[in-house]
1. Order these by the 10 Å Cβ neighbour count, fewest first: Ile43, Ile178.
2. Once the Cβ-Cβ distance between Asn164 and Lys87 is put in as r, and R0 is 35 Å, what FRET efficiency do you end up with, to the nearest 0.05?
3. Starting from the Cα of Lys2, draw a straight line to each of the lysines and keep only those under 24 Å, dropping any in the same chain fewer than 8 residues away.
4. Among rounded, prolate and oblate, which fits segment 67-120 when a ≥ b ≥ c are the square roots of the eigenvalues of its C-alpha gyration tensor, a/c under 1.5 means rounded, and a/b larger than b/c means prolate?
5. Could you work out how much longer the chain between Ala141 and Glu49 gets when fully extended? Use 0.36 nm per residue separation minus the Cα distance between them, nm to one decimal.
6. Can you tell me the orientation of helix 69-86 relative to the chain, as the angle in degrees between its alpha-carbon axis and the longest Cα principal axis, to the nearest 10?
7. Would you calculate the separation in nanometres between label points at Asn181 and Arg153, each defined as 7 Å from the Cα along the Cα-to-beta-carbon direction?
8. Working out 0.36 nm times the residue gap between Arg205 and Asp58, then minus their Cα-Cα distance, what length gain in nm do you get to one decimal?
Amino acid sequence: MKILAADTALGACSAAVLDGEKILAHIFEPMSRGHAERLAPMIDEAMREAGIAFSALDRLAVTTGPGTFTGQRVGLAFMRGLRLALKKPLIGITTLEAMAAAAMDDAQTEFAAALHDAKRGEFYFQMCSRERAIYPPRIGALEEAIESFSAARGKIALAGTGANPASSALQARGAAAIVTNIVEPDALWAARLALRMPSSDKPVRPLYLRAPDAKLPGQRP
């Protein structure tokens, strides 16, 4: 099964083309801005490197968030457009699931948690095993995230910008944790996870864990 995946949700822009487990193309570039300008050329480069036509793809994948408001929408809008043009199923993967999967592979653990700084003293966080997500993505204080990791048995691999403070907090509790080099989500892991999921015709929507700051005129806070 051939799949094209993209991620623009946080501090990187990436694209990957897989044929089953075989990587046909993979481009990953850290960036804090410029996702909208870089994504289309990157997708084109990845498809050229893969050596296949868009019509040969079986499905598409994209990260849905949590992430930055603009970043999430860049990737989703582009991949939704491809879905309509190609009439191929589009699978949504959370940024935290993608990071956790990469962390488990990197550290060779059975559990991983991704924590990303959400500002205002909060983190986006999610814990996964090799078989499934333990719970949906959440947002909360570091202490809340650490408490939720109690379901892990054995060492837990940590990913994201919140990995180091989480490791210190877990070690203070006597828990074993491994800080990996996984800091941002990667389309490669979004693709790998999407390959395992059933196809769906449901529209893929952005995942927002915090209400927008802006309010329409007349709305109450």
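1. Least crowded to most crowded, the residues run Ile178, Ile43.
2. Values: r = 44 Å, r/R0 = 1.26.
That gives a FRET efficiency of 0.20.
3. Straight-line reach from Lys2, under 24 Å: Lys22, Lys87, Lys88, Lys202.
4. Taking the square roots of the gyration eigenvalues as a ≥ b ≥ c, segment 67-120 is oblate.
5. 28.9 nm
6. Between helix and principal axis, roughly 30 degrees.
7. 3.2
8. 50.9 nm
Bear in mind these aren't lab numbers, they're just calculated from the coordinates by the rules spelled out. None of these values were measured; they are calculated from a predicted model. Cβ coordinates were reconstructed from backbone atoms using ideal geometry, including for glycine residues, and neighbour counts include every protein chain displayed.
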